[in-house]
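Undergrad: Before I ask anything, let me first share the structure, which is written out below as structure tokens.
What follows is calculated from the coordinates using simple rules that are stated; it is not laboratory data. Nothing here was measured: the structure is a model prediction, and the numbers come from that model. Heads up, the Cβs are rebuilt from the backbone with ideal geometry, glycines too, and the neighbour counts pull from every protein chain shown.
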Amino acid sequence: MRSFSILVVDDQPAVLAALENAIRAFFPSARILLSSNADEAWNLVHQYRPDIVLSDIAMPTGISGLELCTRIKANPDLRTTYVILMTAFSHAEWQGQAIQHRADAFLRKPFRLPELQEKLEAALRAIELFQARHVQTPESPAAGDDLLSLLTSILRLRSPSLVELVNPLMQTCRWLSEHTEELPEEERPLLPLAGFVYVLGRLALPDQLLQEPLTRSGYLSHELMIQVLLGAATLCHQHPRLAPAAPIVGAICENYDGSGVPEGRRAWEIPLAARLLRLAVDFEEMLWSSPQSAVVVAAHMERFARQAYDVQLIPLILQYANLRETAHDMLATGLHELRPGMMLAHDIQTRSGLKLATAGTVVTERLLERLLRYHAHDPIVGIILIHRSSETR
């Protein structure tokens, strides 16, 4: 969803211009609306229905950004509008009010460009996920949606920043579940649910640890992180919809080499869904807690393959990171759709860990024969990405 509309509200012309230029640089196809006061912005919201509203909190005249947010969130017709509030005030001065007014995210002024881009990327993922969840299917009963909505509201009351983690984590879980052939079909919808329950489990942490990632360098970032598992388990036992996620979340802190907790399980003793969830959590939390790019984070995780992560699953997170960062330059294809002249956009690795080709390799007839030969007895992991520009060679 890179083609979207955004309304930017700030009483300072210089700030409006800076935000417009930055957004246009990040998202050239975005439709940008500008307003110098929240009263005018409210009219523009009704007229143009922007996907995102990025508004300053304090306004010298008329209603405030907080009141604008409240009006948007109170209108059922605007329920998909994602609101990001900006402020130069200290955290203690504005957070309580902002939570009460149901803002989706917050941006501190003066803003940093990487943080602005990150907030907008999170907003787009949240909107896409919301739209996907509200397509009515037999597999997504309204009661289930009501439960998740209620739990999300509870999560927002304690920590709005954790709400920002939920949507990208569930999206990553969903992608990994769809591209892991060995994962049983009945477990695929459980992985995004487990990601959601994991974030809820973080509510068991004290305030000073809420922003800390679960792990660092393959191990728990703090001994109290074990409380996340206990909190998630407690929630799972309270509702039948959440119960199937319990075994997945319960094994998320196990390391592939047996050095994890709570049981020291290793390799295939750890449920496959739990190994995938660990990848998704560490990947998204590193992005959430630092300004690194997706590709850099995935490369960092690769260093801990065989210790913390299943080496056979690492290619999946590398592929996903590349898609997240340069999707417009890449095309996903199947092995049998590869043609000579196409250029690989990532390494091709088999389930046993054998690397058959590296990123930048141009496909030849000989390479195709080699890939097909190995795939027959040692399957290639994940998808195959090629540079879009080489598709027609």
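Undergrad: Give me the log10 of I(q) over I(0) for the range 141-290 at q = 0.12, 0.14, 0.16 Å⁻¹, as the Debye formula computes it from C-alpha points; what are the numbers?
TA: With one equal scatterer per Cα and no solvent, log10 I(q)/I(0) is -0.44, -0.61, -0.82.
Undergrad: I'd like to compare 172-180, 364-372: which one has the highest average count of other Cβ atoms within 10 Å, and what's the full order after that? If you can, show how the numbers build up before the last one.
TA: On the way: 172-180: 21.2, 364-372: 13.3.
Packing proxy ranking, top to bottom: 172-180, 364-372.
Undergrad: Using the Karplus equation 6.51 cos²θ - 1.76 cosθ + 1.60 (θ = phi - 60°), what ³J(HN,Hα) coupling, rounded to whole Hz, does each residue of the range 67-81 give in order, writing x for Gly and Pro?
TA: With the stated coefficients, the range 67-81 comes to 5, 4, 4, 4, 5, 5, 5, 7, 9, x, 6, 10, 5, 8, 6 Hz.
Undergrad: On C-alpha positions alone, give me the angle between the axis of helix 226-236 and the longest principal axis of the chain, in degrees, nearest 10.
TA: Taking Cα atoms only, the helix is inclined about 80 degrees.
Undergrad: When the Debye formula is applied to the Cα atoms of the chain, each taken as the same point scatterer, what base-10 log of I(q)/I(0) results at q = 0.09, 0.11, 0.13 Å⁻¹?
TA: -0.58, -0.86, -1.14
Undergrad: Let me ask something else. Compute the long axis of helix 38-48 from its Cα atoms, compare it with the longest principal axis of the Cα atoms of the chain, and write down the angle in degrees, 0 to 90, nearest 10.
TA: Roughly 50 degrees, rounded to the nearest 10.
Undergrad: For the chain, find the longest principal axis of its Cα atoms and tell me its angle to the long axis of helix 142-158, 0 to 90°, nearest 10.
TA: Tilt of helix 142-158: around 70 degrees.
Undergrad: OK, next. Can you give me the distance in nm between label points at Ser259 and Arg112, each placed 7 Å from the Cα along the Cα-to-Cβ direction?
TA: For Ser259 paired with Arg112, the spin-label model returns 2.9 nm.
Undergrad: With θ set to phi - 60°, apply the Karplus curve 6.51 cos²θ - 1.76 cosθ + 1.60 along the range 374-386 and write out the HN-Hα couplings as whole Hz, x wherever there is a Gly or Pro.
TA: Using θ = phi - 60°, the values come out as 5, 4, 5, 10, 9, x, 6, 7, x, 9, 10, 10, 10 Hz.
Undergrad: If amide H atoms are built 1.01 Å from N in the plane of the peptide, which residues on other chains or at least 5 residues away come under 5 Å of the amide H of Arg31?
TA: Result for Arg31 returns Phe4, Ser5, Ile6.
Undergrad: Moving on. Using just the helices of the chain, give the 222 nm mean residue ellipticity in deg cm²/dmol: DSSP H runs with n ≥ 4 each add -39,500 (n - 2.57), and the total is spread over all residues, rounded to 500. Let's see the in-between values first.
TA: Working: 14 runs with 183 residues, N = 393.
Computed ellipticity for the chain at 222 nm equals -15000 deg cm²/dmol.
Undergrad: Work through the residues other than Leu276 whose Cβ is under 14 Å from its Cβ and net out their charges, Lys, Arg +1 and Asp, Glu -1.
TA: Taking every other residue near Leu276 into account, the sum is -4.
Undergrad: Lys109: which lysines have alpha carbons under 16 Å from its alpha carbon, excluding same-chain residues fewer than 8 sequence positions away?
TA: Lys119
Undergrad: Now, a different point. Evaluate the distance, in nm, between pseudo-label points positioned 7 Å from the Cα of Glu67 and of Ser5 along their respective Cα→Cβ axes.
TA: It is 2.4 nm.
Undergrad: If you don't mind, another one. Sticking with the crude label model, points 7 Å out along Cα→Cβ, report the distance from Trp268 to His375 in nm, one decimal please.
TA: 2.4
Undergrad: Just to verify a number: FRET efficiency for Leu224 and Thr361, C-beta to C-beta distance, R0 = 56 Å, to 0.05? Walk me through the numbers before you get to the answer.
TA: On the way: r = 46 Å, r/R0 = 0.82.
Once the sixth-power term is evaluated, E becomes 0.75.
Undergrad: While we're looking at this one, here's another question. Using only the Cα atoms of the range 260-362, what semi-axes does the equivalent ellipsoid have when each is the square root of 5 times a gyration tensor eigenvalue? Give whole Å, largest first. Write out the running numbers ahead of the final one.
TA: Numbers: eigenvalues 139, 64, 22 Å².
So the equivalent ellipsoid measures 26, 18, 11 Å along its semi-axes.
Undergrad: Could you tally the net charge around Leu162, taking each other residue with its Cβ under 9 Å from the Cβ of Leu162, Lys/Arg +1 and Asp/Glu -1? Can you show the working numbers first?
TA: Numbers: positive: Arg156, Arg158, Arg202; negative: Glu164.
Around Leu162, the charge tally is +2.
Undergrad: Subtract the Cα-Cα distance of Arg79 and Asp39 from 0.36 nm times their separation in residues, and report this length gain in nm to one decimal.
TA: Numbers: separation 40, 0.36 × 40 = 14.40 nm, distance 1.92 nm.
Gain on extension, Arg79 to Asp39, equals 12.5 nm.
Undergrad: May I ask for the distance between the Cα centers of the range 148-178 and the range 276-320, given as a whole number of Å?
TA: 18
Undergrad: Work out from phi, with θ = phi - 60° and the Karplus expression 6.51 cos²θ - 1.76 cosθ + 1.60, the ³J(HN,Hα) of each residue of the range 240-252, listed in order in whole Hz, and give x for Gly and Pro.
TA: x, 5, 8, 3, x, 7, 4, x, 6, 5, x, 10, 5
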